[in-house]
1. Once you've got the GNM for the chain with C-alpha springs shorter than 10 Å, pick whichever of 33, 299, 74 has the biggest mean-square fluctuation.
2. For a quick check: sort 214, 37 by the number of other beta carbons within 10 angstrom, fewest at the front.
3. Over all distinct alpha-carbon pairs, what is the Kirkwood Rh of segment 69-108 in angstrom?
4. Does segment 4-65 classify as rounded, prolate or oblate by the C-alpha gyration tensor (a ≥ b ≥ c root eigenvalues; a/c under 1.5 gives rounded; else a/b over b/c gives prolate, otherwise oblate)?
5. Given labels modelled 7 Å from the Cα in the Cβ direction, how far is it in nm from residue 201 to residue 177?
6. Among 233, 247, which comes first, then next, by fewest other beta-carbon atoms within 10 Å?
7. Return, ordered by residue number, the residues of segment 135-155 whose backbone nitrogen is under 19 Å from a label point located 7 Å along Cα→Cβ of residue 211.
8. Run through every distinct alpha carbon pair of segment 159-216 and return the Kirkwood hydrodynamic radius in angstroms, one decimal place.
């Protein structure tokens, strides 16, 4: 979906159409959830500090996110997907992989399926979506960004090598700034450069990810589209307007534990592990976790464990924090519930 949250806001309020819209809470610590394409012309991007976005685009309309509304639109989009295939792997509210090797509508090609889905999103939801069509997930992901917004880009099997070769290695999933700098020292700037490296060299430098790089550089990705992927973790976190001491966090931890418990109560599976996440004023991230012999059975129990984890943070008394989060992980099926005998 194109600039999803901002596009929903512009759709539902005609007065916002054509204007730069930024979906973000106001505040010095807030970050941008989404920016309309009008705002992006000023350099505003998702995950950017909201204060910086306001400096870049003083005329932008700032709106607090309305996630229940976005989730409702997401469900409508997925109903359109389901008319064509059941093999749908959501990545987020606004993005998903679809395997249409076989499709329900009998359309002859993946490209025709993509066109049909985009047409229905436009006519039924009054929104636009961009699609990438390719032989595998890795290539489809790249293709989906190629002609945004409201675009369709197709990579045919015989075009894979010529398409990939000139791309900067930063376009490969998982290649962040640190990995990109390491590759530059080899020296590797493009996918074509990466292909010239032996598998043994990449494995020595990057471990198991080296083998993955070797395959992706050749357009190889055997990972399947997995529908209904089980939840791995659920969490809620909060960034403070001003840095706070550890001793002052109890109200925040209680509130976040309630939000996490409410979200987890909708799951059919149970979580064993409680996680407390902290970020210092120097941006250092600390985590503490506990896996009790029986999983937390109430919000109060989750809250008490999270508060107890705070006592395991050994720092000087003057250390201040800018963020705290409470999470649940290590999910398992209810019928397989067994006490943890060893930790």
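All of the numbers you see were taken from the coordinates with simple rules; none came from a lab. Everything numeric here is computed off the predicted structure, so don't read it as measured data. Cβ placement follows ideal geometry from the backbone for every residue including glycine, while neighbour counts extend to all protein chains displayed.
1. Top of the fluctuation ranking is 299.
2. Values: 214 20, 37 16.
Placing the least packed residue first, the sequence is 37, 214.
3. Details: mean 1/r = 0.0941 Å⁻¹.
In segment 69-108 this quantity evaluates to 10.6 Å.
4. Working: a/c = 1.85, a/b = 1.45, b/c = 1.28.
Judged from the Cα gyration tensor, segment 4-65 comes out prolate (a/c at least 1.5, a/b above b/c).
5. According to this spin-label approximation, the distance is 2.6 nm.
6. On the way: 233 14, 247 8.
Placing the least packed residue first, the sequence is 247, 233.
7. Hits in segment 135-155 for residue 211 at 19 Å: 138.
8. On the way: mean 1/r = 0.0891 Å⁻¹.
Every distinct Cα pair counted, the radius reaches 11.2 Å.
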